[in-house]
Amino acid sequence: MQNDSVVVNSWNEWDPLEEMVVGSADNACFEPTEPGSRPAVRDSPGMPFPTGPKSKEAIDLANEELDGLVRLLQSQGVTVRRPAPHDFSRPLTTPDFEVENQYCSVCPRDVMITLGNEIVEATMSRRARYFEYQPYRKLVYEYWNADPRVRWTTAPKPSMADGMYREEFWDWPLEQRHERMHAFEFCVTQDEVVFDAADMSRLGRDVLVQESMTTNRAGIRWLKQHLEPRGFRVHTVHFPLDFFPSHIDCTFVPLRPGLILTNPERPLREGEEKMFLANDWELVDAPQPVLTNDEMPQYCQSSKWLSMNVLSISPTKVVCEENEKPLQDLLSGLGFEVFTVPFRHVFEYGGSLHCATWDVRRTGTREDYFPRLDYTPLV
Ligand code: DAV
């Protein structure tokens, strides 16, 4: 680490990685049914979704794979940190809601984001994840105490009261979803500020935010208000064919300056590709994942596109799930050195390699990768 580099410093998804938090499955619970989430057992409609703590076996299998990722990152010279233990089986009661248990700390990406020298804790969108920042607070204090240049922001917490949600969303038939796909109205209403950190993707001066089930327009407005005065440009992106969008990192995945891995089943809204093409970025479709949606783990609520949830160690090194051979071949062909680790047991916790990590420090500074851009700031 250079003497003058800030303890927290990460401006994009690909610069050489120096310090990273890797999630942990310790004390993980099943996500409860709540207005923002209707978990279902895959291929068994009607079967009640389990509640409470996950089995020791499921936790051990996921932790083994997370530890494998830790070892790989360490072998590449990355300092790895882990979340503090947290009792996710404890129910929550706030003035506005109750929920029977919390979730897990497998996916720090959903909660925490580094934007330059600043750590932002997301509002979150689901009740069971309201306090999910807690396992990371000890680390945040450590970074904040270590370097006065580290900034730390917590976004305003939404009420997560019944009125914040649109419960009928879950019952819309497919035709109705298709008809409404350009309305971008999902299970959260627009009245309160709501976002998960994983709906954002960082490309230097430019930050993409996906409008989704977990990030609404008020959330994006808050992010613009917060980030524009700090020199960022915040671009809202949409993927109208994704009827249950949540988190951008299985849909639109920047790999290095000028290159984005795209999801062939989730094209960008027409017109939104312009900023990339006008600045000579290439959009390359990921190959079909090795598993079909039906073959994904029984309790996994994410899609087969966890395949493209890759993690960049540098602009030339990327980590991929070990079974995803077609994607590995594509990435090798694009000039990357591809590292692989087994990670399928982590899938049932809602993420793969990018989701299960939070980069705290990469080398590099803020660059403008979009010199030709029409951008209208909020104010
Ligand atoms: O495509 O199923 C999963 C992302 C979870 N953090 C998807 C999104």
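The values are calculated or read from the model by the stated rules, or taken from the named source; none is laboratory data. Since this is a predicted model, take the numbers as computed values, not measurements. We place every Cβ from the backbone using ideal geometry, glycine too, and count neighbours over all the protein chains shown. Only protein heavy atoms, including side chains, enter the accessible area calculation; ligands, DNA and RNA are left aside. Shrake-Rupley method; radii C 1.70, N 1.55, O 1.52, S 1.80 Å.
I'm trying to understand the selection: among the residues of region 315-338, which are in a helix (DSSP H, G or I) and either open to solvent by less than 10 Å² (accessible area, probe 1.4 Å) or touching a helix residue (DSSP H, G or I) at 6+ places or on another chain (Cβ under 8 Å) (or both)? Step through it out loud before you land on a result.
Applying the first criterion (in a helix (DSSP H, G or I)) to region 315-338 yields 325-333.
Scanning region 315-338 gives Leu327, Leu331.
Going through region 192-223 one residue at a time, which ones are in contact with a Ser or Thr (Cβ under 9 Å, 6 or more places away or on another chain) and open to solvent by 30 Å² or more (accessible area, probe 1.4 Å)?
Glu192, Val193, Arg217, Trp222
Which numbered condition trips up Phe239, out of (1) open to solvent by less than 10 Å² (accessible area, probe 1.4 Å); (2) under 16 Å from the mean Cα position of the chain (by Cα); (3) more than 16 Å from the ligand (Cβ to nearest atom)?
All conditions are met except number (3).
So which strands (runs of 3 or more DSSP E) stay within region 53-139 end to end and still have 2 or more residues that are in contact with an Asp or Glu (Cβ under 9 Å, 6 or more places away or on another chain)? It would help to see each step written out before you state the result.
Numbers: elements: 79-81, 112-115, 118-121.
Result: 79-81, 112-115.
Yes/no per residue for (1) among the charged types (D, E, K, R); (2) in a helix (DSSP H, G or I); (3) away from the ligand (no atom under 16 Å from the Cβ):
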{"residue": "Leu283", "(1), (2), (3)": "no, no, yes"}
{"residue": "Pro287", "(1), (2), (3)": "no, no, no"}
{"residue": "Leu291", "(1), (2), (3)": "no, no, no"}
{"residue": "Gln298", "(1), (2), (3)": "no, no, no"}
{"residue": "Ser302", "(1), (2), (3)": "no, no, no"}
{"residue": "Phe347", "(1), (2), (3)": "no, yes, no"}
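If Ser312 passes every condition in (1) in a helix (DSSP H, G or I); (2) open to solvent by less than 50 Å² (accessible area, probe 1.4 Å); (3) among the hydroxyl-bearing types (Ser, Thr, Tyr) but one, which one does it miss?
(1)
What tally of residues in region 349-379 results from selecting those that are outside any loop (DSSP other than H, G, I, E, B) and either under 15 Å from Met20 (Cβ atoms) or open to solvent by 80 Å² or more (accessible area, probe 1.4 Å) (or both)?
Taking region 349-379 and keeping what is outside any loop (DSSP other than H, G, I, E, B), we get 349, 357-362.
Restricting the remaining residues to those that are either under 15 Å from Met20 (Cβ atoms) or open to solvent by 80 Å² or more (accessible area, probe 1.4 Å) (or both) gives 357-362.
Final tally of qualifying residues: 6.
State the number of residues belonging to region 169-213 that are β-branched (Val, Ile, Thr) and part of a loop (DSSP other than H, G, I, E, B).
3
Restricting the search to region 80-115, which residues are of a type in the set (D, E, K, R) and either more than 14 Å from the chain's Cα centre (by Cα) or surrounded by fewer than 18 Cβ atoms within 10 Å (Cβ to Cβ) (or both)?
Restricting attention to region 80-115, the residues satisfying the condition of being of a type in the set (D, E, K, R) are 81-82, 87, 90, 96, 98, 100, 109-110.
If the condition is that a residue be of a type in the set (D, E, K, R) and either more than 14 Å from the chain's Cα centre (by Cα) or surrounded by fewer than 18 Cβ atoms within 10 Å (Cβ to Cβ) (or both), then Arg81, Arg82, Asp87, Arg90, Asp96, Glu98, Glu100 are the ones that fit.
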